[in-house]
Each structure stands twice: as C-alpha cells, then as structure tokens.
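For reference, the structure discussed in these notes is given below.
The values are calculated or read from the model by the stated rules, or taken from the named source; none is laboratory data. Computed from a predicted structure; not experimentally measured. Virtual Cβ from ideal backbone geometry, glycine too; neighbours counted across all protein chains shown.
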Amino acid sequence: MAAASITFIGGGNMARSLIAGLIRQGTAPALIHVAEPVAELRQALADDFGVQTHDNAADAAAQGSVWLLAVKPQVLRGVCQSLQALAQQQQPLVVSIAAGITSTQLQRWLGGALPVVRAMPNTPALLGAGVTGLYATGAVNTQQHAQAEQVLASAGRTVWIDDEALMDSVTAVSGSGPAYVFLLAEAMEAAGIAQGLPAEAARTLVVQTLLGASRMLDEAGESPAELRRRVTSPNGTTQAAIESFQADGFERLVGKALRAAQQRGQELSAAND
C-alpha cells in the first residue's frame, strides 16, 4: 500500500499522539500536514516531528488524501462547512475522532457522499497504549480501510464495529473508560491514606496493583470473572470487600454510568446537528 498523505485538522494532544505513532512506524514527516490555529502548538509539532504545519485548515487539507478531523464536536460543523468545496473536489478519506458526531452529519456538512470512518481513541494513546473503536461507511474501500487502520493502530489496538449506532457505546466503554479507572485509583488511594498508609506508599500500591491487574487481564487469557474468582479466597479479605461492593450495587452503578456516557454521546450529535 502506497503511503498516503495525511492532514490533521487540529493539532491537540490526540493528534500529537497519532502523529508520533505514525512517525515511529515509518511515515515520512513530509507526508503529514497539520492545521492548528495556535501558533505555539504549530511550532511544537514542527520542531518535535518535522511535519508541515498550517494556520489555515483549507491550506492543510489541500495537501492530504486522508483528512483526520481532530477538533471538538462543538466546532466540527463549522470546520467541515468551511472545507465543503475542497472536500467535494478532492474526495478524501475522512476520519473523525469527534465523539457523538455521525457519519451522516459529516457527509452533509462536507457537501455530499464521502468515504467516512468514525474513530474513538482514548487517552492512553498518548503512550502508544490506547485502543480505538472504528466504524467505516459503505463508501470506504479496502485501501481506505487499511489506511484508517494504519493511522489509528499507531496509537494502540483497534476494534472495528459494524453498526454505527454502537459507537456511542464504544465511547462509553473505552473512550471515557480511563477516567473511570482514575476515579477508582483516586478512591483507593484516599481510602489507604485514611487507614494510615503514607501517601507515597498508598499511591505506589494502587498504581502497581492496577497496572498488574491490567496486565493479567491482557495476558492471562481468562475472563475478568475467572480472574476475580481466583483471587477471592472463601471468607477472606477480598471476599469481604467484593461483597461490600456488590451490596451497594457496584454492577448497577457501572451500568448506569456507562448508559449516561452513551446518552451524552447521542446528545452531542443532536446538539450539533
């Protein structure tokens, strides 16, 4: 597959992580263009990666056969409409990482039918340890599918979803998911300190516990339920904690929280239509 020229519309943290991953994988910096209105961010991208930077979205988009839309959902409509004529002329592959914005909306804002891939990466992408859910419209051909995969796989693993309606669930589970883990870490650390542990010790114990548990989930080849069962000795300390969680409706709370995130994604779509 020939290397594609890639334009990032927006040069924030997620774009930066994808650019770093692409260059690690061997993409030539000359093939990457970035539109970013903040001069300091443009300069940092040029200095750190050697990519081509622009203060105008149209100037950058004119250089790319793949457009990666990395701006906030609230401003995406205006950005797309400003690129409408160029999009219809060039017919680029459009990859959007904006939460809640549908492929139909993107195509309408860009002036007509275009190949669109929706992508939802998460913040561990900044370390190359992310996961991205992806959905491709029927207009995306085999080569473009591979191009989108190459871009997002530069930041971690990828999961393709066949039903676009499920992208809000992807957002709820993995896009927002790191914050749930951080909230758990925050609560565990505070509880350890409340029981008398020194703050530094509590932090180390929590961080390494979560890191180790995540590695076991990834590498052990067992379900979360089985791993939990193995560490829960009958009438032991772990069982006492698990029973306390469940008595307070832990699973119900998690389900409710993920539904709230999913619904917010749907609201973002409606609010920006």
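If you go through the stretch 137-148, how many residues are buried (at least 17 other Cβ atoms within 10 Å of the Cβ), under 18 Å from the mean Cα position of the chain (by Cα) and without any contact (Cβ under 8 Å) to a residue 40 or more places away in the chain? Spell out the reasoning first.
Step one: of the stretch 137-148, the residues buried (at least 17 other Cβ atoms within 10 Å of the Cβ) are 137, 140, 144, 147-148.
Now narrow it down to the ones that are under 18 Å from the mean Cα position of the chain (by Cα): 147-148.
Filter once more, so that each one left must be without any contact (Cβ under 8 Å) to a residue 40 or more places away in the chain: none.
Residues flagged as buried (at least 17 other Cβ atoms within 10 Å of the Cβ), under 18 Å from the mean Cα position of the chain (by Cα) and without any contact (Cβ under 8 Å) to a residue 40 or more places away in the chain within the stretch 137-148 amount to 0.
What are the residue pairs meeting all of these: first residue in the stretch 183-197, first residue in the same structural domain as Gln208 (by TED's automatic domain parsing) and closer than 15 Å to Thr209 by Cβ, second residue of a type in the set (Asp, Glu) and assigned to a helix (DSSP H, G or I), Cβ atoms under 9 Å, and 6 or more apart or on different chains?
Leu197/Glu189
Looking at this structure, is Glu36 free of Cβ contacts under 8 Å to residues at least 40 places away in the same chain and within 25 Å of Ala153 (Cβ to Cβ)? Show your work before the answer.
Details: free of Cβ contacts under 8 Å to residues at least 40 places away in the same chain: yes; within 25 Å of Ala153 (Cβ to Cβ): yes.
In short, yes.
Gln88 is checked against (1) surrounded by 16 or more Cβ atoms within 10 Å (Cβ to Cβ); (2) more than 25 Å from Asn13 (Cβ to Cβ); (3) touching a residue at least 12 places away in the same chain (Cβ under 8 Å); (4) not acidic (Asp, Glu) and fails just one. What number does that condition carry?
So Gln88 meets the others, but not (1).
Taking the stretch 105-129, which residues are of a type in the set (Val, Ile, Thr) and modelled with pLDDT of 95 or more?
From the stretch 105-129, those of a type in the set (Val, Ile, Thr) are 116-117, 123; that's our starting set.
Selection gives Val116, Val117.
Tell me, which residue of the stretch 23-37 that is among the aliphatic types (A, V, I, L, M) and buried (at least 24 other Cβ atoms within 10 Å of the Cβ) is farthest from Ala57 (Cα to Cα)? Walk me through how you get there before you give the answer.
The initial filter retains those residues of the stretch 23-37 that are among the aliphatic types (A, V, I, L, M), namely 23, 28, 30-32, 34-35.
Retained after the next criterion (residues that are buried (at least 24 other Cβ atoms within 10 Å of the Cβ)): 32, 34-35.
Values: Ile32: 13, Val34: 8, Ala35: 5 Å.
For the stretch 23-37, the residue satisfying everything is Ile32.
Of these, Leu227, Leu258, Leu268, Leu253, which one is in a helix (DSSP H, G or I) and loosely packed, with under 13 Cβ neighbours inside 10 Å? Outline the logic, then answer.
Details: Leu227 fails: loosely packed, with under 13 Cβ neighbours inside 10 Å; Leu258 fails: loosely packed, with under 13 Cβ neighbours inside 10 Å; Leu268 fails: loosely packed, with under 13 Cβ neighbours inside 10 Å.
Answer to the check: Leu253.
Out of Ile161, Ile97, report the one residue that is surrounded by fewer than 18 Cβ atoms within 10 Å (Cβ to Cβ), in contact with a helix residue (DSSP H, G or I) (Cβ under 7 Å, 6 or more places away or on another chain) and assigned by TED's automatic domain parsing to the domain that holds Ala85.
On the way: Ile97 fails: surrounded by fewer than 18 Cβ atoms within 10 Å (Cβ to Cβ).
That would be Ile161, the only listed residue that is surrounded by fewer than 18 Cβ atoms within 10 Å (Cβ to Cβ), in contact with a helix residue (DSSP H, G or I) (Cβ under 7 Å, 6 or more places away or on another chain) and assigned by TED's automatic domain parsing to the domain that holds Ala85.
Each row is one residue, and each column tells you yes or no for (1) farther than 30 Å from Ser169 by Cβ; (2) touching a Leu at 6+ places or on another chain (Cβ under 8 Å); (3) not assigned by TED's automatic domain parsing to the domain that holds Gln263.
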site	(1), (2), (3)
Asn13	no, yes, yes
Leu22	no, no, yes
Gln43	yes, no, yes
Val79	no, yes, yes
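When the stretch 173-190 is examined, which residues are found to be of a type in the set (D, E, K, R) and touching a Gly at 6+ places or on another chain (Cβ under 9 Å)?
If we filter the stretch 173-190 for residues that are of a type in the set (D, E, K, R), which is where we start, we get 186, 189.
Result: no residue meets the conditions.
The rows are residues; the columns are (1) under 18 Å from the mean Cα position of the chain (by Cα); (2) of a type in the set (D, E, K, R); (3) farther than 28 Å from Gln91 by Cα.
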| residue | (1), (2), (3) |
| --- | --- |
| Pro124 | yes, no, yes |
| Tyr135 | yes, no, no |
| Met167 | yes, no, no |
| Tyr180 | yes, no, yes |
| Met188 | no, no, yes |
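Quick one: which residue in Gly255, Gly192, Gly177, Gly265 is touching a helix residue (DSSP H, G or I) at 6+ places or on another chain (Cβ under 6 Å) and closer than 30 Å to Gln105 by Cα? Show your work before the answer.
Working: Gly255 fails: touching a helix residue (DSSP H, G or I) at 6+ places or on another chain (Cβ under 6 Å); Gly192 fails: closer than 30 Å to Gln105 by Cα; Gly177 fails: touching a helix residue (DSSP H, G or I) at 6+ places or on another chain (Cβ under 6 Å).
Being touching a helix residue (DSSP H, G or I) at 6+ places or on another chain (Cβ under 6 Å) and closer than 30 Å to Gln105 by Cα holds for just one of Gly255, Gly192, Gly177, Gly265, which is Gly265.
I need the full set of residues from the stretch 139-188 which are touching a Lys or Arg at 6+ places or on another chain (Cβ under 8 Å) and under 26 Å from Arg203 (Cβ atoms), in order please. Explain how you work it out, then say what you get.
The initial filter retains those residues of the stretch 139-188 that are touching a Lys or Arg at 6+ places or on another chain (Cβ under 8 Å), namely 154, 164, 167, 172.
If the condition is that a residue be touching a Lys or Arg at 6+ places or on another chain (Cβ under 8 Å) and under 26 Å from Arg203 (Cβ atoms), then no residue fits.
Could you pull out every one of the helices (runs of 4 or more DSSP H) wholly within the stretch 78-196 that has 1 or more residues that are among the charged types (D, E, K, R)?
Result: 103-109, 142-153, 167-170, 177-194.
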